[in-house]
Amino acid sequence: MSITFRSLLPIALGSLFVVNSFAQTTSPPKEPAKKAAVTQKAKKPPAPTTKELSAQVETLQDKLDQAQTQIQQQQGQIEHLHQSLQESINALQQEQQQLRASVQKANDEVVVARNAAVEAGSQVTAVKTSVEATQTSLVAQDKRVKNLEDPIAIRYKGLRITPGGFVESTIVVRTRNENADIANSYAGVPLNGSPNSKLTEFRGSVRDSRLSLMVQGNAGSTELAGYFELDFMGAAPTANYVQTASFTPRVRQAWLQARMDSGWTFGVGQMWTLLTTNRHGIANKAEFIPDVDDCNYMVGYTWARDRSLRVTKNFHDKFWAAVEVDDPENVVSAAYMPPNLMGLNTSPNTQSGTLLLPYLANYSFGNSTTMAPDLIAKVAWEPGWGHFEAKALGRFFRDRVSSTATTHGHNNFNEGWGVGFGAIMPVNRKVDVIAEGLLGYGIGRYSSGQFADVTLSPTSGGMLPLREAHLLSGIEYHPNNRWKLWTYFGDEYAGRRAFVSPTGTAAGYGSPLVSYATCYENAEVSMNSCSGANRNIYEGSVGYWYRLYQGEFGWIQYGNSVAYIHRDLWNGIGRTPQGQDLAVFSTVRFYLP
């Protein structure tokens, strides 16, 4: 409220009071006579005196002063509150400005701290990198010093030469005599009733001991490798067990290889055939080889080691493709041999040459006179779980019927083929399941059972491929780095391809005209010469390896295994004989590091 309003308020109130008093003291206008009589009858209140009016005015003035005082006090309070509010606003604005300044300062400090942290992180990373580089350098230096003191490979003119192999001592006990060393003769398992079925066999041998040498080097970005491996499973004419048990070394592998950064690999030499299943990719020294003690591995196992030329392409370590050209060889089995037939390993045209040992009768035969190599292709796929393969084989067969004074000579041609698969499937980190197989016509040489590839036509003398199948399955369990347990089952089958010879006798393979009249169990002498075409051979094997010791100089392991083998012949005239054998192996091996 303004000062003017406060000064005019008492004047206004006083004026109103005087006007009101004056109105009450002024005589009213006269009424008519009738009204005057009535008015006179009523008593008029006495008029206030001047003193009373002055008292009333003073009272009102006091009240007015009190009200004004109260108004002034309230106005002062309002002004005080307004001032306090203004001061609070100013203080808040000042605090807000200070807060903004603090926030800006904090942000600046955060930016500085962040930059410092980034710089510190960079410094830490640089320190870590330096430490890691130093550690790597120290490890490499330590490795170089250790290699100099105890080299894993021998360095020679830029080449890395790595020796390897193992020394083995094996004992094998068979319930039937196979006249074999530590390689089971599956196709020759003694038939029931024969003298060998009545004799057990005990052998001790170190002939599977091996020596190997790997030579590696680099030509730019191409990695070159050469590998040589031998054992003593060969049999020279003078080798025997009588005095020294000294057997001729046998070449197992001898190959050269060039592997390029582009994924191409070229290999040539004697190596495991491309039909052999790999554990990883398609590469030498990565083959799946059953963990058995038997040097002939397992019935149903598809393999060979021969001279080959191989080209492989690696697609990002997920998919591989390879083709191979293999040195061929033919295995023939026929109940009737046409006359004047040439080109077989037992033909007259192979009875001379350096591949024979003519001074030792029935010891060896020559090679078949083959015309073209075996062709093999394989693809492998590793999708992230397991290893899977598909394989294909093509073969070519040829022989010749020689001309005579009365006949015209001619060559016979035929083809064989095979398709197969392989799979290594890890159930978990400790268990692997293995399965592989090959089926087709004329594939006998690529198996442990060594079934015949072909039989012969009794009229034309031509080679006729046999229908065959090889299957192998297994489980490998390795609970830790010391133990490895395994079991395998394999089966091989050869189909019948029978004919009648021009003289009316049995011909071909598995002829039902073959007589087993003298093949009965109580006639050992006649059973000794009893034979027939194998129809089916199967084997079940179980065993383990235990690593006794492992150190810088190598490791020593010990293993035992048991194998049961069953052999069936194609039925003929009379009771068809069978054969079976049980072999127990016990082996100690010392591996070079």
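Tabulated values for the structure
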| quantity | calculated |
| --- | --- |
| Inter-centroid distance (Cα atoms) of segment 282-338 relative to segment 507-563, Å | 21 Å |
| Nitroxide proxy distance, nm - points 7 Å out along Cα→Cβ at THR406 and LEU81 | 14.9 nm |
| Kyte-Doolittle mean at least 1.0 and Cα axial length at least 20 Å: DSSP H helices in the chain | 3-25 |
| Flagged links, alpha-carbon separation over 26 Å, of LYS105/LYS128; LYS391/LYS484; LYS318/LYS391; LYS391/LYS430 | LYS105/LYS128; LYS391/LYS484; LYS391/LYS430 |
| Charge dipole (the chain, unit charges on Cβ, about Cα centre) - positive-most of THR125, THR277, VAL514 | THR125 |
| Neighbour net charge for SER457 - beta-carbon separation under 12 angstrom, K R +1, D E -1 | 0 |
| Magnitude of the charge dipole, segment 469-548, Cβ model with Lys/Arg +1 and Asp/Glu -1, debye to 20 | 280 debye |
| Ellipticity estimate at 222 nm from DSSP helix runs (n ≥ 4, -39,500 (n - 2.57)) divided over the chain, nearest 500 | -8500 deg cm²/dmol |
| Inter-part distance where segment 421-465 and segment 48-97 are each reduced to a Cα centre, Å | 120 Å |
| Spatially proximal aspartates and glutamates relative to LYS285 (Cα-Cα < 13 Å; intrachain offsets below 8 disregarded) | GLU229 |
| With at most 13 other Cβ atoms within 10 Å, longest stretch of the chain clear of loop chymotrypsin sites (Phe, Trp or Tyr not before Pro) (DSSP) | 1-240 |
| Farthest toward positive dipole pole in the chain [+1 Lys/Arg, -1 Asp/Glu at C-beta], among LEU64, ALA286, ILE556 | LEU64 |
| Computed lengthening from ALA517 to GLN70, 0.36 nm per intervening residue step minus Cα-Cα distance | 146.0 nm |
| Extended-chain gain in nm, criterion 0.36 nm per residue less alpha-carbon gap, VAL124 and SER529 | 137.3 nm |
| Dipole magnitude of segment 152-212, debye to nearest 20 (Cβ charges: Lys/Arg +1, Asp/Glu -1, about Cα centre) | 340 debye |
| Those trypsin sites (Lys or Arg not before Pro) in segment 392-492 that DSSP places in a loop and that have at most 10 other beta carbons within 10 Å | ARG429 |
| Dipole of the chain, positive end: most advanced residue of VAL112, GLN73, TYR227 [Cβ charges, Cα centre] | GLN73 |
| Under 16 Å from the Cα of LYS157 - aspartates and glutamates, other chains or at least 8 residues apart | GLU223 |
| Only Lys, Arg (+1) and Asp, Glu (-1) charged, at Cβ; the chain dipole about Cα centre in debye | 1940 debye |
| Unpaired by the 4.7 Å Cβ criterion, cysteines found in the chain | CYS295 |
| Counted charge near TRP545, where neighbours are those whose Cβ lies closer than 13 Å (Asp, Glu -1; Lys, Arg +1) | 0 |
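We did not get these values from a lab; they are worked out from the coordinates using the rules stated. This is a predicted model, so every value here is computed, not measured. We place every Cβ from the backbone using ideal geometry, glycine too, and count neighbours over all the protein chains shown.
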